[in-house]
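These notes are about the structure you will find just below.
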Amino acid sequence: SGSHRRPRASDGAPGTSPIVPPRAEILAVGTLDRDLRPVFDHYVRLLRPWLTLGTREVREVALRGRAPAEVLREEGRRLLAAWPPSTTSTVALTVDGTARDSQGFAAALERWLERGGVTFVIGGSPGLAAGVVARAGGRLSLSPLTMPHQLVRVVLAEQLFRGLSIRRGHPYHH
């Protein structure tokens, strides 16, 4: 998977270094499992010179004793209440979203960041409510496989690092 050398703000075009890195955010249902936290935090640290990655979480609704449609509705309501300002691109992560290879994701990420930032929305166990997907400006699929929503955060953080590595000529992606 390439070099894990920590990038520097000066990586990329000679003589350029961002004064303030662009911002991306993850809006997600639930808190990240403690076993996955170190891996997620690793990528957040690697991203720091190039991107500020924030996370906003809404409380997960327990499936026990509830119909999945009820859980989906309530988690959707919570996500919509925490929706980002309209100054950022908003992308819902769904299994049926647009699939991109690493180069395509890198290019899309660059466009989103140039437009003022991006928020990625990740649902809970039952996925994302139709109203949440409809409100997002785009849909992205990280894989045609169904993944645990906890793992999606880690995969997304790695792909953000990979995408910015590609755009800046960093050796991580080759």
Selected residue (only one of G76, G104, G117 is in contact with a Lys or Arg (Cβ under 9 Å, 6 or more places away or on another chain) and either modelled with pLDDT of 95 or more or within 17 Å of R56 (Cα to Cα) (or both)): G117
Filtered residues of region 123-135 (kept if touching a residue at least 40 places away in the same chain (Cβ under 8 Å) and out of contact with any Gly (no Cβ under 9 Å at 6 or more places or on another chain)): P126, G127, R135
Only one of E158, E110 that is more than 20 Å from V39 (Cβ to Cβ) and acidic (D, E): E110
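Looking at region 77-87, is at least one residue of a type in the set (V, I, T) and open to solvent by less than 80 Å² (accessible area, probe 1.4 Å)? If you could, list the steps in order and put the result at the bottom.
Initial filter on region 77-87 (of a type in the set (V, I, T)): 87.
Imposing the further condition that a residue be open to solvent by less than 80 Å² (accessible area, probe 1.4 Å) reduces the set to none.
No, because not a single residue in region 77-87 is of a type in the set (V, I, T) and open to solvent by less than 80 Å² (accessible area, probe 1.4 Å).
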Helices (runs of 4 or more DSSP H) wholly inside region 64-173 that include at least 1 residues being aromatic (F, W, Y): 102-114, 149-168
Looking only at region 36-61, and only at residues there that are without any contact (Cβ under 8 Å) to a residue 12 or more places away in the chain and under 19 Å from V121 (Cα atoms), the one that is most open to solvent (accessible area, probe 1.4 Å): R37
Matching residues, region 63-100, being hydrophobic (A, V, I, L, M, F, W, C) and farther than 15 Å from A28 by Cα: L63, A67, A69, V95, A99
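Looking only at residues in region 93-126 that are touching an Asp or Glu at 6+ places or on another chain (Cβ under 9 Å) and of a type in the set (V, I, T), which one is surrounded by the fewest Cβ atoms within 10 Å (Cβ to Cβ)? Give the steps one after another, and end with the answer.
Residues of region 93-126 touching an Asp or Glu at 6+ places or on another chain (Cβ under 9 Å): 117-120, 123-126.
Retained after the next criterion (residues that are of a type in the set (V, I, T)): 118-119.
Details: V118: 25, T119: 23.
Once the filter is applied, the top-ranked residue is T119.
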Among the candidates L140, L109, L113, L145, residue that is of a type in the set (A, V, I, L, M, F, W, C), under 24 Å from R73 (Cα atoms) and under 14 Å from the mean Cα position of the chain (by Cα): L140
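The values are calculated or read from the model by the stated rules, or taken from the named source; none is laboratory data. Treat the numbers as computed from the prediction; the structure is a model and nothing was measured. When we count neighbours, we look across all protein chains shown, and the Cβ atoms used for this are built from the backbone with ideal geometry, even at glycine. The protein model used for the area step is the full one, side chains on, heavy atoms only, and it has no ligands, DNA or RNA in it. Shrake-Rupley method; radii C 1.70, N 1.55, O 1.52, S 1.80 Å.
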